[in-house]
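The next block holds one structure in the form of structure tokens; read it before the comments.
The values are calculated or read from the model by the stated rules, or taken from the named source; none is laboratory data. Model, not experiment: these values are computed from the prediction. Glycine also receives a Cβ, built like all others from the backbone with ideal geometry; neighbour counts cover every protein chain displayed. Keep in mind that these areas ignore ligands, DNA and RNA; they rest on the heavy atoms of the full protein, side chains included. Shrake-Rupley method; radii C 1.70, N 1.55, O 1.52, S 1.80 Å.
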Amino acid sequence: MSELNWGLIAPIIILQLLLAVIGLISLAKAEAESVRGPKWLWVIIIVFGNILGSICYFTIGRKAY
């Protein structure tokens, strides 16, 4: 347990950070009417929800037009 396999962990960390950054940028550019719920709540979900928070924002949080 003392030695981590960074070859497996690093891609997951990079994916998590990439999804969070893209989600926050998308949320910042979105108008309030095109987001389900308050924007501040989605920021908390994206930042603290790890990978699932970003996926939830893209699937549930944005309204499709």
Roughly how tilted is helix 39-48, in degrees to the nearest 10 and between 0 and 90, from the longest Cα axis of the chain? 10
Here, Lys63 and Ala32, labelled 7 Å along Cα→Cβ, have an inter-label distance in nm of 1.3
Report the Cα centroid-to-centroid distance between region 50-65 and region 1-42 in angstrom, as an integer. 10
With +1 at each Lys and Arg Cβ and -1 at each Asp and Glu Cβ, the charge dipole magnitude of the chain around its Cα centre, to the nearest 20 debye, comes out at 260
Enclosed volume per residue, in Å³, of the convex hull spanned by Cα atoms of the chain: 85
Using packing as a proxy for protection, rank 32-40, 12-20, 49-57 so that the peptide with the highest average count of other Cβ atoms within 10 Å comes first. 49-57, 12-20, 32-40
Helix-derived [θ] at 222 nm for the chain: sum -39500 (n - 2.57) over DSSP H runs of at least 4, divide by residue count, nearest 500? -20000 deg cm²/dmol
The chain: angle of helix 6-29 to the longest principal axis, Cα-based, in degrees nearest 10: 10
Leaving ligands and nucleic acids out of the surface, order Phe48, Phe58 by accessible area at 1.4 Å, largest first. Phe48, Phe58
